[in-house]
Amino acid sequence: MEKANVTLYTVIGDPNRIVKAIQERFKEMAEELVCEDETVDLTLPDGTHVIFSIKHRRSKPDFIASHTSGMVNYFSQVKTPLAELKENVLCQIRVFNCVTGITFDLNDNEDRTNYILNRLFEIAGDVNGFLLYPSMQIFTSEGKLLFSAKGESQLTEFIPVGNADFLDGNRPEEAQADVERRLRSIALLEEKHIPYMEYLRSEVLESEARLRSRKEIVQRAAALFAVAVYSEVILSEGSGREEALFYFKKMEQLYKIESYLSPAEAAYIDNPDPEEQECIQFGWRYECAGVLLWAAGIVDDLPYPSEIIDVPVLAAIFWQHKGCSELLSKGFPRSQSEILDAADITLRYDWACVEARIHGKEAPASLNGGVVMERHYAFNWIIGANGGAGWDDIQPNT
């Protein structure tokens, strides 16, 4: 009898969740289910088998590293006009930490085959996973084509995702203050009818937080503003790199920002012919600069993220001061508790935006997904998430 092969990929902390999903989704048709080591052998009423071979990074790190690396190499060679989506798919593949090979017998009963495949997609939904067909087509748990060997997709955009239990794998327990912060955030979400994951933990707990100094925050804000101004001028009709560099150098004179640039920012400024998409990406950094000025206590309010930042107001702050020292003389040091509160609700806003995007829906409660994503990035740097990673290495997870 011919065999069918499908592979389930996910980012998951406890691979036993896959076993539980198999048991739940096939419970009505399972004659027998045997779990041994990393294999689940499911017997169907017709006597045929569905075999699940579950390999997780904890037990098979070399296999997972080799497998995902091979997938990245394969799909990176695919030519497609969907360049940004492709790059995000490659990012998703890189963080897969669990691979489940699935084989089952095929016959001429189409209803039987559809039944099995439908259950597999439900299992993928249970563990936030993706299914790969032998034709090298990757599907979301909703059955939409994410990416194929021909560079095709049924999606216009895709944001890589991870599971909370994986992200929280080696972290300490929430303290009472962390629980109360999470509950306060949830109350705000419920008030605005924004969907949420109840037990999604913040990227940094109070015991883990290592806030950047106020001086670091202001220096980073100045660098971000300079790069964003440069990008805006380049993208403006009738302007060019020479005019953009004029404003960048003006920020250098006032704030000495070249010494604060990240490696990626420095390379971008040095590039005489940047891609338009890269300019757009760096132009979004106005949003991050605004968050940093709020965290430094230089601006009083951080508005609800439904609208992009008021750039003229932001610009006035930088152009009307004569350097970081003068900016630091304004305002007040904002408390760690207030910053962690804002970081927590921003994480949950981003989760809601990503969840909506995955399901092809508008972001809830007028949230602007782009603004939320930039704020999430900025807060992760401020609070020392991702192990205190540098600016270019921040990885906002939802």
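The values are calculated or read from the model by the stated rules, or taken from the named source; none is laboratory data. Please read all numbers here as calculations on a predicted model, not as lab measurements. FYI the Cβ positions are ideal-geometry reconstructions off the backbone, even for glycines, and counts take in every protein chain you see. With ligands, DNA and RNA removed, areas are computed over all heavy atoms of the protein, side chains included. Shrake-Rupley method; radii C 1.70, N 1.55, O 1.52, S 1.80 Å.
Observations on the structure shown:
- For the chain, the share of accessible area belonging to carbon and sulfur comes to 49 percent (1.4 Å probe, ligands and nucleic acids excluded).
- The chain: relative contact order as a whole-number percent, Cα under 8 Å and 6+ apart: 16 percent
- Relative contact order of segment 288-398, pairs being alpha-carbon contacts under 8 Å that are 6 or more residues apart, as %: 31 percent
- Kirkwood Rh and Cα Rg combined as Rg over Rh, evaluated for segment 4-120: 1.03
- Rounded accessible area of LYS192 (nearest 10 Å², 1.4 Å probe): 90 Å²
- Expected-Rg normalisation [2.2 N^0.38 Å, Cα atoms] applied to segment 333-398: 1.15
- For the chain, diffusion coefficient by Stokes-Einstein and Kirkwood Rh (Cα), 37 °C, 0.692 mPa s, µm²/s: 141 µm²/s
- Across all directions, the shadow cast by the convex hull of segment 203-247 built on its C-alpha atoms averages 4.5 square nanometres.
- Working note: Karplus 6.51/-1.76/1.60 with θ = phi - 60° gives segment 85-93 the couplings 4, 4, 4, 6, 5, 5, 4, 4, 4 Hz, where Gly and Pro are set to x.
- Look at where the Cα atoms of segment 325-366 and of segment 87-110 average out, and the two centres are 34 Å apart.
- Of the GluC sites (Glu not before Pro) found in segment 292-398, those that fall in a DSSP loop while having at most 15 other beta-carbon atoms within 10 Å are GLU307, GLU362.
- For segment 186-279: Kirkwood Rh in Å [reciprocal of mean 1/r, alpha carbons]: 16.1 Å
- Residue separation of VAL34 and ASN386 scaled by 0.36 nm, minus their Cα-Cα distance, works out to 122.8 nm of gained length.
- Full-extension gain in nm, GLU206 to ASN107, via 0.36 nm per residue minus C-alpha separation: 30.0 nm
- Once C-alpha pairs closer than 8 Å and six or more residues apart are averaged by separation and normalised to the residue number of segment 346-398, the relative contact order reads 35 percent.
- For segment 281-296 versus segment 1-51, the gap between their alpha-carbon centres in whole angstrom: 47 Å
- Residue-normalised accessible area of segment 46-145, expressed per residue, 1.4 Å probe, Å²: 47 Å²
- In the frame of its principal axes, segment 53-128 has Cα extents of 38, 37, 22 Å, reported largest first.
- Cut-off under 5 Å, modelled amide H: who pairs with PHE147 long-range: ILE138
- Chain lengthening between SER53 and LEU302 when straightened (0.36 nm per residue, less Cα-Cα): 84.8 nm
- Computed from phi, the 3J(HN,Hα) profile of segment 104-116 under the Karplus parametrisation 6.51, -1.76, 1.60 (θ = phi - 60°) reads 8, 6, 9, 9, 8, 8, 5, 4, 4, 4, 5, 4, 4 Hz, with x in place of Gly and Pro.
- Across q = 0.19 Å⁻¹, segment 21-70 modelled as identical point scatterers on its alpha-carbon atoms has Debye log10 I(q)/I(0) values of -0.68, in the order of the q list.
- On a per residue basis, segment 226-298 carries 48 Å² of accessible surface, using protein heavy atoms and a 1.4 Å probe.
- Sequence-distant aspartates and glutamates (8 or more away, or on other chains) whose Cα lies within less than 19 Å of LYS249: GLU232, GLU258, GLU265, ASP270, ASP273, GLU326
- The PHE246 and LYS60 beta-carbon pair, evaluated with R₀ = 56 Å, returns a calculated FRET efficiency of approximately 0.50.
- Average projected area [Cα convex hull, segment 270-389], square nanometres: 9.4 nm²
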